[in-house]
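Values in this text are rule-based calculations from the coordinates and carry no lab data. Everything numeric in this text was worked out from a predicted model, so none of it was measured. Every residue, glycine as well, gets a Cβ built from its backbone with ideal geometry; the counts of neighbours run over all protein chains shown.
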Amino acid sequence: MAGSDRKALAAEVREFLSTRRARITPEQAGLPVYGGNRRVAGLRREEVALLAGMSVDYYVRLERGNLSGASDSVLESLAHALQLDVAERTHLYDLARASTPSGRRPTVTSSRVRPTILRLLDSMTGVPAYVRNARFDIVAANALGRALYAPLFDSPLFAQRGPVNSARFMFLDPASKDFWVDWDKGADDAVAFLRTETGRAPHDKALTDLIGELTTRSEDFARRWARHDVKFHRSGVKHLHHPLVGDLALPYEALDLPFDPGLRLNFYTPEPDSREREALGLLASWASTGTVVPHATD
């Protein structure tokens, strides 16, 4: 690992652990509080060491960015002390693996979609579906998926460069705040997912370039990036405002493609006989004919 990569990884470890420590109060950790003047937000380093069952010197070494050689039992004790959720625990293990010189080099995100996956997308005629990589590049979509995400595909951001990227659209195109009804939540989730990906694939230059671009061009992104939040993004409900069919509440699933590292199939499945189902039917008609009935935006 190059010296600059080691420094960047150490900084990532340091900020991740210190921000996790800062959010937990002694009361939340079940520790007594003596005196009224605490100069740190959250737990002190010695309190984390006590909770994790390790020496203060060893924890200080970890928080300075040196996870090299940390055993699974040490990482698990640290995760318990810092009350990490599943996504945060996975991120900690990813950082530790990347810190180990003999560790497996993480797989870089792919952008190639196999023909079988393309045929699967085309066969999903009743639901919007697309494949994206871990950098939020939309690398393939069926007709209804393109119709649903028309504001992204039509964005001037991508007129001279590709592929369509939902993170760039979210933070660099003002139209994104019309498209995502709960823009703040979507922005929080996108940044947390990208932060998670930096642990899984720290050598992905395209990912690093994307984060650098968004950090310098978007204050909204930079502020969220500094939080060091991580999150898995696998199912839920997306609230979108489509320019043709209005507000939509669409349940979604995101499935990793096990033979295509970093690629994920996303699809939306509204309830039968729902307004969303009717709206998708109108979008399908528009996608195939270029027209939609006037009451679609009611």
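Listed by chain and number, the aspartates and glutamates whose C-alpha is less than 16 Å from the C-alpha of residue 177, apart from same-chain residues fewer than 8 away, are 154, 188, 189, 219, 220, 247. For the range 54-213, the calculated P(r), taken from all Cα-Cα distances in 10 Å bins from zero up to the bin holding the longest distance, is 9, 30, 30, 19, 11, 2 percent. Taking the C-alpha atoms only, the angle from helix 183-200 to the longest principal axis of the chain is near 60 degrees. From its DSSP helices (H runs of at least four residues, each -39,500 (n - 2.57)), the chain gives a residue-normalised ellipticity at 222 nm of -14500 deg cm²/dmol. Between 247, 273, 85, the residue with the greatest mean-square fluctuation in the GNM of the chain (Cα pairs under 10 Å linked by springs) is 273. Take each peptide in 260-270, 182-192, count the other Cβ atoms within 10 Å of every residue, and average; sorted highest first, the result is 260-270, 182-192. Round to a whole angstrom and tell me the spacing of the C-alpha centers of the range 62-89 and the range 208-235. The two parts, judged by their Cα centres, are 22 Å apart.
Over 23 Å apart at the Cα level, from the set 7/185; 205/238; 205/231, are 7/185; 205/238. For the chain, a simple Cβ point-charge model (Lys and Arg +1, Asp and Glu -1, everything else neutral) yields a dipole of about 1060 debye relative to the Cα centre. To the nearest ten degrees, helix 205-217 and the longest principal axis of the Cα atoms of the chain are 90 degrees apart. Dipole check for the range 187-236: with +1 at the C-beta of Lys and Arg, -1 at the C-beta of Asp and Glu, and the Cα centre as origin, the magnitude is about 160 Debye. Listed options for Cα Rg over 2.2 N^0.38 Å are (i) 1.05; (ii) 0.96; (iii) 1.15. The value calculated from this structure is the one marked (iii). When only Cα pairs below 8 angstrom with a gap of at least 6 residues are kept, the range 55-155 shows a relative contact order of 18 percent.
Taking Cβ atoms as reference points and 15 Å as the exclusive limit, the residues near residue 280 contribute a net charge of -1, counting Lys and Arg as +1 and Asp and Glu as -1. Note on 77, 4: ascending count of other Cβ atoms within 10 Å places them as 4, 77, the fewest first. Remark: relative contact order (the chain) = 16 percent; criterion is Cα-Cα distance under 8 angstrom and separation of 6 or more residues.
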